[in-house]
1. What's the number of the only condition in (1) touching an Asp or Glu at 6+ places or on another chain (Cβ under 9 Å); (2) hydrophobic (A, V, I, L, M, F, W, C); (3) buried (at least 19 other Cβ atoms within 10 Å of the Cβ) that residue 195 fails to meet?
2. Residue 111 is checked against (1) modelled with pLDDT under 95; (2) assigned to a helix (DSSP H, G or I); (3) among the polar types (S, T, N, Q) and fails just one. What number does that condition carry?
3. Condition check: loosely packed, with under 15 Cβ neighbours inside 10 Å and touching a residue at least 40 places away in the same chain (Cβ under 8 Å). Does residue 334 satisfy that?
4. Need a quick list: strands (runs of 3 or more DSSP E) entirely within the range 1-100 having at least 2 residues that are at pLDDT 95 or above, within 21 Å of the chain's Cα centre (by Cα) and not hydrophobic (A, V, I, L, M, F, W, C).
5. Is there a residue being on the phi > 0 side of the Ramachandran plot, assigned by TED's automatic domain parsing to the domain that holds residue 9 and surrounded by fewer than 20 Cβ atoms within 10 Å (Cβ to Cβ) anywhere in the range 130-142?
6. When you check residue 134 against the structure, is it touching a residue at least 60 places away in the same chain (Cβ under 8 Å), within 30 Å of residue 330 (Cα to Cα) and among the polar types (S, T, N, Q), yes or no?
7. Would you pick out the residues in the range 311-337 that are over 16 Å from residue 120 (Cα atoms) and touching a Pro at 6+ places or on another chain (Cβ under 7 Å)?
8. Has the range 163-177 got at least one residue that is among the hydrophobic types (A, V, I, L, M, F, W, C) and under 16 Å from the mean Cα position of the chain (by Cα)?
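The values are calculated or read from the model by the stated rules, or taken from the named source; none is laboratory data. Quick caveat: nothing in here was measured; it's all calculated off a predicted structure. Note that each Cβ is placed from the backbone with ideal geometry, even for glycine, and that neighbours are counted across all protein chains shown.
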Amino acid sequence: MRILHTLFSRGFAGTERATAEMCNACVGEHDVALALRSDHRGAGGASIRDHLDSRVKVFELNRWLPGIGLRRVLREFEPEIIHTHLRRSTRLVARLKPSCPTIATLHMWVNGPHFLRMDGLIVIAEWQKRDLASYRGRVFDINESLMPAPRITAERRANLRALCGASEDDFLIGGVGRLAQSKGFDTLIRAFREAALPGAKLAIVGAGRERERLEALTRSTDITLLGFREDAKEFFQAFDLFVSPSRSEPLGRVIFEALDAGTPVMATRTQGPSEILSRYPGTLVPIDDVPAMASALRALAADKPSRIRPDLTPYHLDNVVRETLAAYRELIDAKPR
């Protein structure tokens, strides 16, 4: 198949990682291209381009006139199917009305009518279906993808903990994600300070526009903001507890990465984490509730949970790729060129 992905975001977070993994997994047997905005690098210079297989063809579109660029891509690449990601690229593809079938992954929610004009939609969480009562296309239940991480050595784990300011005896609490208001890292910092845990450290991996505000909240050598890290996935194995403090979280790819690392998880009762932790072990706390989160941190520090090894096979990338390719084929067969 000739598969065109479109993604007009900046930086490199969960959606970008999922898109890169899908492109890379398919390019060995299919012709795969990715259309991006020209200013795709985010805070710290991070970009999806740095994580793509060299065989994936990349089209960079002018940020001011992306429609003209995408029309050129359609003529040049002649895709058999277009897979859109997030609102901007989905809206543009819907406006162009290409002759080939289109499919969008709901990395978030239906935040625009253009999603309902796709021939197919991939839902990664059950709660997303609530917005699809009027949708007439095909709906595919396909899990968020996970590439199991190789186990790190004891020496590497010690080095990562040292970067976080933690020794082997410290209780290291970690967070990973964009430093954005929706991610709630300010709540986590406040809760950590209120919990006042002896021998505990907090480390947050990620970059974003909230960094300056979060730095103003730390005022402690027990809290470390590590910025964007290419090796972010390895830190999950160094943490003793992973916390997702989001105010809104459609799914929570980082939670699967923490579970894959065997790390105990605490998360707020947002959409995705509530669904994930109904199937896997973890602790849920109210959204934006500093006292409740502080209390939960005290309880987990006092009775440290054991590391876990849940079965995450349904989310493994090879299974997700197989189901996604089957969805492509179904849409192509149903809509002849």
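1. (1)
2. (2)
3. When the stated conditions are applied, residue 334 passes them.
4. 2-7, 81-85
5. No: zero hits.
6. no
7. 316
8. Within the range 163-177, one or more residues are among the hydrophobic types (A, V, I, L, M, F, W, C) and under 16 Å from the mean Cα position of the chain (by Cα).
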